[in-house]
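J.: Please read through the structure below; I'll follow up with questions.
The values are calculated or read from the model by the stated rules, or taken from the named source; none is laboratory data. Owing to the predicted nature of the structure, the values given are computational and were not obtained by experimental measurement. Cβ atoms come from the backbone with ideal geometry, glycine included; neighbour counts cover every protein chain shown. Just so you know, the surface numbers come from the protein's heavy atoms only, side chains and all, with ligands and any DNA or RNA stripped out. Shrake-Rupley method; radii C 1.70, N 1.55, O 1.52, S 1.80 Å.
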Amino acid sequence: MRRTTTSAAMAAALLLTSAAPAAAAGTTTAARTATTGTHTAASVAAHTAAAGAQPKVPLAARLLGRQALPAGDGWAAAGPGTTGGSTATADQVHLVRDRAGLVRALGGDNATNRLNDTPKIIYVEGAVDGFEGPDGAPLGCDDLADPEYSLPAYLAAYDPAGWGRVAPSGPLEAARVRSVANQTRQTQINVGPNTTIVGLRGATLTGLTLMIDTADNVIVRNLTFDDARDCFPAWSPTDGETGNWNSQYDQISVRRSANVWVDHNTFTDGDNPDSAQPSYFGRPYQVHDGSLDITHTANLVTASFNRFVGRDKLMLIGSSNTVGPDVGRLNVTLHHNVFDGVLQRLPRVRFGQVDLYNNFYRLAGPGFEYAVGVGVQSAVYAENNYFALGADIAAADLLYDWGGTAITTRGNWVRATGDRARPVDLVAAYNAAHEPDLGSDAGWTPTLRAGPVLPAALVPLTVPLLAGADRLPV
């Protein structure tokens, strides 16, 4: 027992070194500053003196704002690497406390901010609410609805008992689409290239989507994302055997962008979970979409030390089975994340080479569907992850075939209810219960990793202590 505890402590210390700002890395700081653009306290002070006063934020937070992704830390370290807004001049360092301030810091006009490639660092303090109106007053769904839309009228018009199993059309569906456009203008916050967004302690982005679209070189750290709800879900009668309600808004959406680092954030639905929503047409009225979706030719993304709690759909990598521009892209690294009480898409992958290592899964509940979705031409390499499973979930349930052919799984451990933790060949477990078989070689081996890979047995002892918002010094 003493040996295990010591090993866990050593592993935690190692992870803290890799997860914290480079200034905490002792004698290696100078080397990492030279190779990754990471700034020390001295360099931050010099930059401030040269360029003028910056917002009053703690020194540790300023270090985070000036930190680039370390060399070799996943796919986002490929190519030019990911530096975000680390070179921002003093007039492009902002402290924001509300939606209007966030939009101003990103460039001033939400409609065009995604084109603003000026390096910028944005610190978030307190709760920023996407449903905050221009005068600061909170908005409700009724405020964003088109005058010709109402949910009762929509339900009456498109009830399958009368409308049938065809997609909604006509005036009410058109009014719903206009309502969606109203909400998009309000709650979708557009981020431009060369941007770093860092939350101060307790910072929350609620009711909004960070849209990283055609915006290369972006860093998002130390934020809690809460309840990015859709006021106007769409009824899709041909989705599945009985139809489904589908919502539009992710908490972070990465599209047509490269070199993005999402680190030490928490994703939750807060006090508005989908499980609490009503059912219409016999299906749950789902008002949330993904936590972190990476789609539409996005590429070179690292998601590290994040915590995903109590959500349904989590992470879609690739949004279409169409063979085309996504081929050769959608390359993503997921390491040292916690997936806690979540149900599906952990992640679901199409086309990309996805490196999935040292993640901790705590999976339970009757709504669980699968962990890793093996989609069209996907190449997932899953190594040294740890799965703690609740009742009625088995190792055979962890993979799902979405039209893929193979996945590499190495060194993963599973602890099922009533059983001890042990190594499990996830592909063999899946193949023993399903047809057709999945192959066990995804055809590649990752090379971009942030230091040694922990043994899976140490993952539950260390990763939950370090992952999520407010684990970094700010």
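J.: What FRET efficiency, computed as 1/(1 + (r/R0)^6) with R0 = 22 Å and r the Cβ-Cβ distance, is obtained for Ser440 and Asp392, rounded to the nearest 0.05?
T.: My answer for the efficiency is 0.25.
J.: Report, in order of residue number, the helices in the chain meeting two criteria: a C-alpha extent of 27 Å or more along the helix axis, and a mean Kyte-Doolittle hydropathy of at least 1.0; treat each whole DSSP H run as one helix.
T.: none
J.: Any number yet on Rg/Rh for segment 156-214, C-alpha, Kirkwood?
T.: Rounded to two decimals, Rg/Rh equals 1.21.
J.: Find the accessible area per residue for the chain; the probe is 1.4 Å, ligands and nucleic acids are left out, and the unit is Å².
T.: Here the per-residue accessible area is 38 Å².
J.: Projecting each Cα onto the charge dipole of the chain (Lys/Arg +1, Asp/Glu -1 at the beta carbon, about the Cα centre), which of Gly439, Leu208, Pro460 comes out farthest on the positive side?
T.: The residue sitting farthest along the positive end of the dipole is Pro460.
J.: Something else now. Over all alpha-carbon pairs in the chain, figure out the percentage whose distance exceeds 37 Å.
T.: Looking at the chain, the distances longer than 37 Å represent 26 percent of pairs.
J.: Now a separate question. With each pseudo-label sitting 7 Å past Cα toward Cβ, what's the Ala167-Ser150 distance in nm, one decimal?
T.: That separation, rounded to one decimal, is 2.7 nm.
J.: Quick check on the chain: helices-only [θ] at 222 nm, where DSSP H runs of length 4 and up contribute -39,500 (n - 2.57) each and the sum goes over total residues. Nearest 500, please.
T.: So the helix-based figure for the chain works out to -6000 deg cm²/dmol.
J.: Rounded to the nearest 0.05, what FRET efficiency is calculated for Asp109 and Asp135 with R0 set to 22 Å and r the Cβ-Cβ distance?
T.: Efficiency computed from Cβ-Cβ geometry: 0.75.
J.: How big is the gap, in Å, between the Cα center of segment 180-223 and the Cα center of segment 331-402?
T.: Their Cα centres are 25 Å away from one another.
J.: Continuing with the same structure: Mind giving me the nanometre distance, one decimal, between the label points for Gln277 and Asp425, set 7 Å out from Cα along Cα→Cβ?
T.: Taking the two extended label points, one gets 4.1 nm.
J.: Further, regarding this structure: Go ahead and collect, in residue order, the members of segment 403-424 whose backbone nitrogen is under 17 Å from a label point 7 Å along the Cα-Cβ direction of Asn321.
T.: Of the residues in segment 403-424, 403-406 have backbone N under 17 Å from the label point off Asn321.
J.: How charged is the neighbourhood of Asp135? Take every other residue with its Cβ under 15 Å from the Cβ of Asp135, and add Lys/Arg as +1 and Asp/Glu as -1.
T.: Around Asp135, the charge tally is -3.
J.: Now for a separate question. Students sometimes get this wrong: rank Leu59, Leu458 by accessible area, probe 1.4 Å, all chains present, largest first.
T.: Result of the area sort, largest leading: Leu59, Leu458.
J.: Out of the total accessible area of the chain (probe 1.4 Å, heavy atoms of protein only), what percent is carbon and sulfur?
T.: 54 percent
J.: What share of the DSSP beta bridges in the chain is antiparallel, in percent to the nearest 5?
T.: Looking only at bridges with both residues in the chain, the antiparallel portion is about 10 percent.
J.: Please compute the length gained on full extension between Ala433 and Leu465, using 0.36 nm multiplied by the number of residues separating them and subtracting their Cα-Cα distance.
T.: Taking 0.36 nm per residue and subtracting the Cα distance, the gain is 8.1 nm.
J.: Based on the Cβ-Cβ distance of Val453 and Ala157, what FRET efficiency does E = 1/(1 + (r/R0)^6) give at R0 = 51 Å, to the nearest 0.05?
T.: 0.40
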